[in-house]
1. For the pair SER55 and ALA134, how long in nm is the line joining their label points, each one 7 Å along Cα→Cβ?
2. Mind ranking 49-56, 136-143 by how tightly packed they are, going by the mean number of other C-beta atoms within 10 angstrom, highest first?
3. Which sequence of TYR74, TYR48, TYR176 reflects their accessible areas, 1.4 Å probe, from the largest down?
Amino acid sequence: MILLASLPGVLFAASSEPVVVLLEGERREVLPLARGAVELVPLAQVIYGLGVTSSVDAKGALVLSYGGREVVLYEKRSLASVGGDLRLLSAPPLVEDGRWLVPVDSLPRLLSPLLNQRCEWRPASRVLLIGNVAIPRIAVKTFVSGDSVRVVLESNEPTVLPAGNFEDLLRFADVYYDDLEGTKQPYLSPDEV
């Protein structure tokens, strides 16, 4: 116990990687704080500019309002009231220096019904999507043939090239390599071209 008390920086350190919040037409980064094994984000930084109003009621609970809907958060309680229904959070929200800190993985359970929009937390990429936002998924395939390697990038989103850059892309359509048998093979297949 003495060891833990003497190392508050370990228990209360900021996470090294920011959480990226993607909204329609906006991208922002929010630095999370680690509290034990829980990652918390300052709620005000996440909801800034969304039109959500916040107030603290007489009992010290945070009331978020938007479009006639309400979410109520209670400090140090893992339950939140969402439109009158109780929702379980992964960890209790905390108030530090007047800032409400909320578990990042619980934000979709709070913001989606409040904003009446899609809200999704993707922990692997550390991205919080709010609204009609899509992130392209890119797959990389490699094909090794002797001392040659072919790399194919596939995306689920169409890619728009600025005017004039098609020539750069098309020049790869005329590039060939020698396979193991010495036959010339195109770097790009006809479908890729």
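1. 4.1
2. On the way: 49-56: 12.6, 136-143: 9.1.
With the highest mean Cβ count within 10 Å placed first, the list reads 49-56, 136-143.
3. On the way: TYR74 65, TYR48 165, TYR176 120 Å².
Descending accessible area places them as TYR48, TYR176, TYR74.
The values are calculated or read from the model by the stated rules, or taken from the named source; none is laboratory data. Model, not experiment: these values are computed from the prediction. Heads up, the Cβs are rebuilt from the backbone with ideal geometry, glycines too, and the neighbour counts pull from every protein chain shown. Surface accessibility is based on the protein's heavy atoms, side chains included, excluding ligands, DNA and RNA. Shrake-Rupley method; radii C 1.70, N 1.55, O 1.52, S 1.80 Å.
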